[in-house]
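The following block contains the structure, expressed as structure tokens.
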Amino acid sequence: MGLWAKSQWRHARGMGVKGLQSFMDRRCPEACVSVNLREMSRQHAAKRQTGCKTTANRPTLVVDGMACLRHWYSCKDWVCGGQWREYMDGLKGWVEAFSSAGIRLVFFFDGVVEEQKRREWVKRRRRVNGEISKLFRHIKAQGEQPGRELFCLPSGLATFTRFALRSLGQEVFCSVREADYEIASYARQHGSMGILGQDSDFIIYDSAPCFSVAKLRIHSLTTVMYDRQRLCQTIGLTVAQLPLLACLLGNDVVSVDKMLHIRNNAMATYRIDNPTAHSGAPQGQMVMAVSHLVSSVWGREEQETGLIPQTLNLSAPHRELLKRGVRSYLLPGEEAIQLGDISAPSSAFEKHVSSEILKACREKHVAAEGFMVYSVLCEGVIECSNTLEDEEDTELLPQALVYKPCRQRIYGLLLLNGHEGSRVDLPAIREWFVYAGNALKEPDMVHPVPISLQYNQPVLDLLWFGNGPEVSSLRLKSFLSMFDCQELSELYGAVEDSLLAALCLVTYIALQIQTLSQEDCDAYLSQAVCLKLKSPKELQHIKLPVLCSRAVQLGSLYVRGLAHLLGANCASGGPLPGAALMPWSSFDGRLFHSKYLLAHSGSDNTVLLDRDPFCLSQFLCLREKLTETCRNRGRVLQSRPKAPQQAPGPPNRDRHTGGGGNWSERGETTGGGWREARGDPNKCENRERLWERGGGGTRGEHFHPHPRGRSHRSRGRYQLAPRWSQPPAPGT
């Protein structure tokens, strides 16, 4: 694994302890033990009580889900929005490898970003923004996916992986505080076989053994175990002294610069006392130097009280910071004194919702059944990491601004509780969203907006706990209203739930982005309809003659939209099954990219829909409803074909998988696929008329040929600083 890859593993979620991982790998090989997890599982099971083979008695491995994402996503294509069905297949095989060895897996994912780590979170987001800019420059110059040095996980991978694992029957938890802490606590309390992750903080916690996911070989189930006892023997410390070592070296709580003077003094003393150590790596020397310092200042009193040694000569603020850092490593049941209250805070908006709602909200969050709702009601803050967006393409708004009106309605449904939002104490949500021009110096304060229904704002308790057909209808209308798509309720039951969700999302995007063309919408809808025809293997082998940077951004925009659908569905009481909102039900990156290129090349509808009559019928039904909904709001979709940029290289070269020929006439790979048609196309009005109208001919011929209003060519450029122009609040 190269240096860049190691860095990416280290920064999968947290920085961990500065330099500790490399020190163990390079200077402390005796603490890096190669192990076979299958054999360890047998040994672990033999030590435990035998007899009844219940789940609780099986050897358990606690998995840091965030650290595993890069290991799990091994699909060849990653810029187009995600190869979700291929990813699901790989995830299933990974889980089965452990199941076959008799190992029970328990997964943990980050549920919150603690404010004490916000600074580090912002630094990472800014760094990744620079990498994304390089990525788009490469695509526009070369017309192909860049190498792994610019690898970026598909948008929403962490969110949807939680639901993917649950669909595979796995136990999944979402944290309500620092995930590392909850992982270490669970492993310690349940006598787990170990922790699978890549964060050096797991070496500091006095918990189960720590196994490396970066060095895991899934077929043989072999990896490296980081042995904290052997580490302590090498550096001359006890396990109880490791938290202080971690904080002085620098971690997510105590930043590296805060204790720089302590480390410099420790290094100077160490070099005087150990002149022969100068030949070692500087970071290795630093770990040894700080270890010697900790050993020399940590006496019996500090061990019994857990206090910070006075001899460290710290200022009062630095001493308090160090206390907080050490405290973060103390797990339930440890003998060390608990320095202050570390219980979870109460709800940020408990006066706006009932106690029953808060209880259900927390339970769903912890069980990884919900999304967005807990962050809003209990934390009052929501964040979104980097998205593949080209800040130089000012025709497309950043996803954070595209979906802001939707989020405001979600907030309104959750917090206004049947009122219209005219109260003086109207709450505001702190949003940390990454987009061009946002310096992330402070959160955006976003107020809730009531949803638009013919009657009063619905009460949240009724939506979540009510029964009966009227409540079910209210849930669906509330859900659709958050995307300004109430008319789509007519299609409920007539088309598959995943297609209804896709239509809702595409309609919303078209209403928010005035430069979205008929070709863009057709690419979105056609890939959602055709996805059911494709096996994961067929999707992998779709041939793309060139990559288009605009299609890359549109792919990520769609997946981010699915997460908003999921949040709206949770807020409105779950009118649609969660499976219908998953990306593997309505999106594939390569399939979408191929449809985008076909649509913008002027291909016939029959080619766009893989020459499948049923798919064409469904597509035309969805497109008519999209056009009608947009027209009702004064939005007329225009045909604006965009030829992809011409990248240097041989003509007709397939940038990914080879191939050639008349690609735009041939379409992508077809045939041999499986299909599932749960919806009844005959329930869609005017099906036969739509078939006759769209069975052949060129795409877009039934739509107004002339742009209305200002042309997209004369729009000018958005100003990227200090922020993008904010869209108006819904209903204004």
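The values are calculated or read from the model by the stated rules, or taken from the named source; none is laboratory data. From a predicted model like this one, the values you see are computed outputs, not experimental measurements. In this analysis, Cβ positions are derived from the backbone assuming ideal geometry, glycine residues included, and neighbour counts consider all displayed protein chains. We work out accessible area using only protein heavy atoms, side chains counted, and drop any ligands, DNA or RNA first. Shrake-Rupley method; radii C 1.70, N 1.55, O 1.52, S 1.80 Å.
Calculate the spin-label point distance for Thr515 paired with Ala268, positioning each point 7 Å from the Cα along the beta-carbon direction, and give it in nanometres.
Between Ala268 and Thr515, the simple spin-label model gives 5.7 nm.
Here is a follow-up. Over region 534-589, what per residue volume does the convex hull of the Cα atoms give, in whole Å³? Write down the numbers at each step before the final one.
Values: hull volume 3.8 nm³, N = 56.
Residue-normalised Cα hull volume stands at 68 Å³.
Moving on to the next point. For an R0 of 41 angstrom, estimate the FRET efficiency from the Cβ-Cβ distance between Gln43 and Ser473 and round to the nearest 0.05.
Working: r = 57 Å, r/R0 = 1.38.
My answer for the efficiency is 0.15.
Also, quick follow-up: Looking at this model, which pairs from Lys117/Lys441; Lys92/Lys537; Lys117/Lys404; Lys595/Lys642 are more than 18 angstrom apart at the alpha-carbon?
Details: Lys117/Lys441 14 Å; Lys92/Lys537 15 Å; Lys117/Lys404 25 Å; Lys595/Lys642 13 Å.
Beyond 18 Å between Cα atoms: Lys117/Lys404.
Using 0.36 nm per residue, how much length does the chain from Ser535 to Ser74 gain when fully extended, once their Cα-Cα distance is taken away?
Numbers: separation 461, 0.36 × 461 = 165.96 nm, distance 1.75 nm.
Result: 164.2 nm gained on full extension.
In terms of modelled amide H atoms, which long-range or inter-chain residues lie less than 5 Å from the amide H of Cys384?
Counting only residues 5 or more places away or on other chains, the set is Trp432, Phe433, Val434.
Just subtract the alpha-carbon distance of Ala428 and Ser295 from 0.36 nm times their residue separation and send over the number in nm, one decimal.
Working: separation 133, 0.36 × 133 = 47.88 nm, distance 4.83 nm.
Contour length minus the Cα-Cα distance gives 43.0 nm.
Got a sec? What order do Leu554, Leu474 fall in by accessible area at 1.4 Å, biggest, i.e. largest, first? Don't jump to the answer; show the numbers that get you there.
On the way: Leu554 0, Leu474 25 Å².
Ranking Leu554, Leu474 by accessible area, largest first, yields Leu474, Leu554.
Let me ask another. Can you send over the carbon and sulfur percentage of the accessible area for region 427-578, probe radius 1.4 Å, protein chains only?
On the way: 2180 of 4210 Å².
Carbon and sulfur: 52 percent of the exposed surface of region 427-578.
Counting only C-alpha contacts under 8 Å and six or more residues apart, can you give the relative contact order of region 31-144 as a whole percent? Write out the running numbers ahead of the final one.
Values: 61 pairs, mean separation 33.9, N = 114.
Relative contact order for region 31-144 comes out at 30 percent.
Still on this structure: Which whole-angstrom value gives the distance between the alpha carbon centres of region 428-456 and region 603-637?
Cα centroid to Cα centroid, the span is 32 Å.
For Thr159, what accessible area in Å² do you get when you roll a 1.4 Å probe over the heavy atoms of the protein chains, rounding to the nearest 10?
My reading of the accessible area for Thr159 is about 20 Å².
Would you kindly derive the ³J(HN,Hα) couplings of region 31-36 from the backbone phi angles with the Karplus curve 6.51 cos²θ - 1.76 cosθ + 1.60 (θ = phi - 60°), listing them in order in whole Hz, with x for Gly and Pro?
Working through the residues one at a time gives 8, 10, 9, 6, 9, 10 Hz.
Here's a follow-up. Percent of accessible area on region 357-403 owned by carbon and sulfur, 1.4 Å probe?
Working: 650 of 1340 Å².
Answer for region 357-403 is 48 percent, counting heavy atoms of protein chains only.
Can you send over the solvent-accessible area of Tyr205, 1.4 Å probe, protein chains only, in Å² to the nearest 10?
Solvent-accessible area, nearest 10 Å²: 10 Å².
Here's something else I'd like to know. Accessible area of Met193, 1.4 Å probe, to the nearest 10 Å²?
Here the residue's solvent-accessible area equals roughly 10 Å².
Using a probe radius of 1.4 Å on heavy atoms only, what accessible surface per residue do you get for region 437-499? Whole Å² is fine.
Per residue, region 437-499 has 46 Å² of solvent-accessible surface.
I'd like the distance separating the alpha-carbon centroids of region 59-132 and region 481-557, in whole Å.
Here the two parts' Cα centres lie 25 Å apart.
If a paramagnetic tag sat 7 Å from the Cα of Gln189 along the Cα-Cβ line, which residues of region 361-397 would have the backbone N under 13 Å from that point?
none
Show me, for region 244-253, the HN-Hα J-couplings you get by feeding each phi into the Karplus relation (A = 6.51, B = -1.76, C = 1.60, θ = phi - 60°), rounded to Hz, glycine and proline as x.
Each residue of region 244-253 in turn: 5, 4, 4, 6, 6, 6, x, 8, 6, 8 Hz.
OK, next. Spin-label point model (7 Å from Cα, Cβ direction): what's the His447 to Ser100 distance in nm?
5.9 nm
Probe radius 1.4 Å, ligands and nucleic acids left out: which of Val112, Val529 has the largest accessible area, and how do the rest follow? The partial results should precede the final answer.
Working: Val112 25, Val529 0 Å².
Solvent-accessible surface, decreasing: Val112, Val529.
Once you have the alpha carbon radius of gyration of region 479-623, what is it after dividing by 2.2 N^0.38 Å, with N set to its residue count?
Details: Rg = 14.4 Å, N = 145, 2.2 N^0.38 = 14.6 Å.
That works out to 0.99 for region 479-623.
What residues have an amide H closer than 5 Å to that of Gly16, excluding those fewer than 5 places away on the same chain, when H is modeled at 1.01 Å from N in the peptide plane?
Residues meeting the criterion, in which the H sits 1.01 Å from N, are Asp252.
For Glu115 and Thr394, FRET efficiency with R0 = 35 Å and r from the beta-carbon atoms, rounded to 0.05?
On the way: r = 33 Å, r/R0 = 0.94.
Calculated transfer efficiency: 0.60.
Highest first, please rank the peptides 72-84, 588-600, 93-105 by the mean number of other Cβ atoms sitting within 10 Å of their residues.
Details: 72-84: 22.4, 588-600: 27.3, 93-105: 16.5.
Highest to lowest by the protection proxy: 588-600, 72-84, 93-105.
Kindly report the accessible area of region 203-264 per residue (heavy atoms of protein chains, probe 1.4 Å, no ligands, DNA or RNA), in Å². Write out the running numbers ahead of the final one.
Details: 2030 Å² over 62 residues.
For region 203-264, the per-residue accessible area is 33 Å².
Is region 350-508 rounded, prolate or oblate when judged by the Cα gyration tensor, a ≥ b ≥ c being the square roots of its eigenvalues, rounded requiring a/c under 1.5 and prolate requiring a/b larger than b/c?
Numbers: a/c = 1.71, a/b = 1.18, b/c = 1.44.
Cα axes put region 350-508 in the oblate bin.
Lys351 to Val239: extension gain in nm, 0.36 nm per residue of separation minus the Cα-Cα distance?
Between Lys351 and Val239, full extension yields an extra 35.9 nm.
Related question: Can you put Arg327, Arg230, Arg58 in order of accessible area, largest first, using a 1.4 Å probe? Don't skip to the answer; put the middle values down first.
Working: Arg327 50, Arg230 105, Arg58 85 Å².
Highest to lowest solvent-accessible surface, that is Arg230, Arg58, Arg327.
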